[in-house]
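J.: I'd like to ask some things about the structure below.
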Amino acid sequence: MSTLAAGCGPQANADAESDKGPRPASDYLSQPLVKDIYTADPSAHVWNGKIYVYPSHDIDGPTPEDDLGSHFEMRDYHILSMDKIGGPVTVGPVALDVSAVPWAEKQMWAPDAAFKNGTYYLYFPAKDHQGAFRIGVATSKNPMGPFKAQPKPIDGSYSIDPAVFTDDDGASYMYFGGIWGGQLQRNVNGSYDPDGSKTDLKQDDKPAIAPRVAKMTGDMLEFSEKPRPIQILDKSGNPILGGDHDRRFFEASWMHKYKGKYYFSYSTGDTHYLAYATGDSPYGPFVYQGRILEPVEGWTTHHSIVEWNGKWWIFYADSQLSGQTRLRNVKVTELHYNPDGTIQTINPFKSDSKSGTGSH
Ligand code: FUB
């Protein structure tokens, strides 16, 4: 996750823009939800008619940028809430700090949350004291926290970016994983390989490293099964290959259901797209359909999709406020489906109008 590695995409775009000066605020499709703190990786949920957003809390740390995302040095979480989209946004107090998580050392990356039987669950990745990303869970009776962390990470968890989806039958599933700094490539053989020289498997002609899914136990605190790889196929039924950087999974899983179909969406990382694939089961396989969001300003792109007030919304992030990859701000805009269930591609800038078909 580095601007250093990106030869194209938003950073190249941002560099070109800097020659002309910064973009005017009016050119961004939507404006930052909050300006008091830097936020990214927004996981949105609607509980009791109110919208809660569980973001990463970006801070300006001292570590230089690298391909492993070492410059994302987040230490805590603050929850955002709003009564309606477009209304005032409340920034909650610290909901969980890394110092209160016995197993975690640093880098509290993209979280998600769930609700069941009167308890809210905050799922979060962090590096343990050996430098391995694991996924933890913390609980609260209040959606804004504070959350109390379980003493150990979820058994069998690894890598980053948990997204927990609850199906109509009440079963919950965690989708997770991320390559490069997210370490998925260090976990493909069943145990953590500390070799930090790997960013991905570098097997361009083989199926790309797959994101993972695992069903949760009834108490939402553990996996009830070993995480399984998720197949993302092209329309001919062939797996998307590792070399297909425009379409292969990189990080930032999200799952939502629309008209009975399962929509698995994700970031393509170094090509900076949010893409999606659809299927008939929460386990997949999923068939690649196209792009949801074109590259934003900043290196990363990460999102959630939620229904509120009869419309569908995508929460995402860019670097509008700071101009820096490590200091991001979350945003929201409406998502539109075509009659055949495909999603209309969104362009995050008004001056570039080639959005609307979802046909990439
Ligand atoms: O915010 C840190 C990491 O950057 C997230 O976990 C990734 O999804 C990317 O947004």
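Here, each number is a calculation from the coordinates, and none is a lab measurement. Everything numeric in this text was worked out from a predicted model, so none of it was measured. Using ideal geometry, Cβ is built from the backbone for each residue, glycine included, and neighbour counts are taken over all protein chains shown.
J.: Search the range 57-68 for residues being of a type in the set (Asp, Glu) and part of a loop (DSSP other than H, G, I, E, B), and hand back the single one that is farthest from Gly131 (Cα to Cα).
T.: Per the stated criteria, the residue is Asp60.
J.: While we're here: Can you find a residue in the range 314-336 that is surrounded by fewer than 19 Cβ atoms within 10 Å (Cβ to Cβ), touching a residue at least 40 places away in the same chain (Cβ under 8 Å), more than 16 Å from the ligand (Cβ to nearest atom) and under 27 Å from Trp47 (Cβ atoms)?
T.: Checking the range 314-336: at least one residue is surrounded by fewer than 19 Cβ atoms within 10 Å (Cβ to Cβ), touching a residue at least 40 places away in the same chain (Cβ under 8 Å), more than 16 Å from the ligand (Cβ to nearest atom) and under 27 Å from Trp47 (Cβ atoms).
J.: If you go through the range 35-56, how many residues are part of a strand (DSSP E or B) and either more than 16 Å from the ligand (Cβ to nearest atom) or not polar (S, T, N, Q) (or both)?
T.: 14
Listed here are the residues, each with its yes/no results for (1) closer than 30 Å to Thr90 by Cα; (2) in contact with a His (Cβ under 6 Å, 6 or more places away or on another chain); (3) touching a residue at least 12 places away in the same chain (Cβ under 8 Å).
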position: Pro151; (1), (2), (3): yes, no, yes
position: Gln183; (1), (2), (3): no, no, yes
position: Gly190; (1), (2), (3): no, no, no
position: Asp195; (1), (2), (3): no, no, no
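J.: Identify the residue in the range 243-266 that is in contact (Cβ under 8 Å) with a residue 60 or more places away in the chain and within 16 Å of the ligand (Cβ to nearest atom) and, among all such residues, is surrounded by the fewest Cβ atoms within 10 Å (Cβ to Cβ).
T.: For the range 243-266, the residue satisfying everything is Met255.
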